[in-house]
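Everything below concerns the one structure shown next.
The values are calculated or read from the model by the stated rules, or taken from the named source; none is laboratory data. Owing to the predicted nature of the structure, the values given are computational and were not obtained by experimental measurement. When we count neighbours, we look across all protein chains shown, and the Cβ atoms used for this are built from the backbone with ideal geometry, even at glycine. The protein model used for the area step is the full one, side chains on, heavy atoms only, and it has no ligands, DNA or RNA in it. Shrake-Rupley method; radii C 1.70, N 1.55, O 1.52, S 1.80 Å.
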Amino acid sequence: MSVIVIEFITLDGVVADPDGSAGTPLGGWAFRYGPEAVGGDKFRLGRTLDDGVLLLGRATWQLFSRLWPGRGDPFAARMNAVPKLVASRTLTDTSAWANSQLLDGDLVDAVKRERRDVVVTGSLSVVDRLMAADLVDEYRLLTFPTVLGTGRRLFPAEGPHTELECLAAEQVGAAVLTRHRRTAR
């Protein structure tokens, strides 16, 4: 089992509001490059979506549950079919998006018990908790040629020290997909 974090990210490390849905002044930065820049399996998840599980926080799940069920392309079919675990203390109904269920108990404990690969997309509060518990095995980052100067960063200054190894880097439209894995513990 691996925990894989996937994020749209700017050159200066900002991950907040890539689609503009949060209404921040600089939001929507990833989508300024057109739908082809963000559509489909840009993170090269492949069979991981077929065999794994998505882990989402409440806000990301609510956004995705309004977007993905109405789409009919092959990648949307995979996103709709994958089992989804939702980390939330306030959400009670996950029926809006097929194959979704609320996480039972503590987030970190639930991830430690999981036997499938876990893909975390967006959901910065979830990512923060998994990073603090040293559970993230791989980061797949789609880096856009944008510098915002301000905003929530994936790796905050006060975050834990982590050594990573670059597995791959490839240009994907206007962005660059990099895959980094944690070096041996």
Can you pull the Kirkwood radius for the range 101-158, inverse mean 1/r over Cα pairs, to one decimal in Å? 13.4
Listed by chain and number, the residues whose amide H is under 5 Å from that of Gly20, excluding neighbours fewer than 5 places away on the same chain and using placed H, are Gly28, Trp29
I need two numbers for the range 26-82: Rg to one decimal and Dmax as a whole number, Cα atoms only, in Å. 12.2, 36
Describe numerically, in nm with one decimal, the distance between label points set 7 Å from Cα along Cα→Cβ at Val108 and at Ala96. 3.0
Label-point separation (nm) for Asp137 and Met1, each offset 7 Å from Cα along Cα-to-Cβ? 1.0
Please compute the per residue accessible area over the chain with all protein chains in place, 1.4 Å probe, rounded to a whole number of Å². 51
Beyond 22 Å, what share of the Cα-Cα pairs of the range 1-108 is found? Please give it as a whole percent. 36
Pick the calculated Cα extents along the principal axes in Å for this structure from (i) 46, 37, 27; (ii) 41, 38, 31; (iii) 41, 32, 31? (ii)
With θ set to phi - 60° and the Karplus curve 6.51 cos²θ - 1.76 cosθ + 1.60, what are the ³J(HN,Hα) couplings of the range 174-179 in order, to the nearest whole Hz, using x for Gly and Pro? 6, 10, 10, 8, 10, 10
Cβ crowding within 10 Å averaged over residues, with 160-168, 11-19, 24-32 ranked highest first: 11-19, 24-32, 160-168
Rel. contact order, % - alpha carbon contacts under 8 angstrom, at least six apart, the chain: 33
Once label points are set 7 Å from the Cα along Cα→Cβ at both Leu63 and Asp12, what is their separation, rounded to one decimal in nm? 2.0
Helix-derived mean residue ellipticity, 222 nm - over the chain, DSSP H n ≥ 4, -39500 (n - 2.57), to 500: -5500 deg cm²/dmol
Computed over the range 83-185, Cα set: Rg, Dmax in Å: 15.6, 40
Of all the accessible heavy-atom surface of the chain, with the other protein chains kept in place and a 1.4 Å probe, what percent is carbon and sulfur? 51
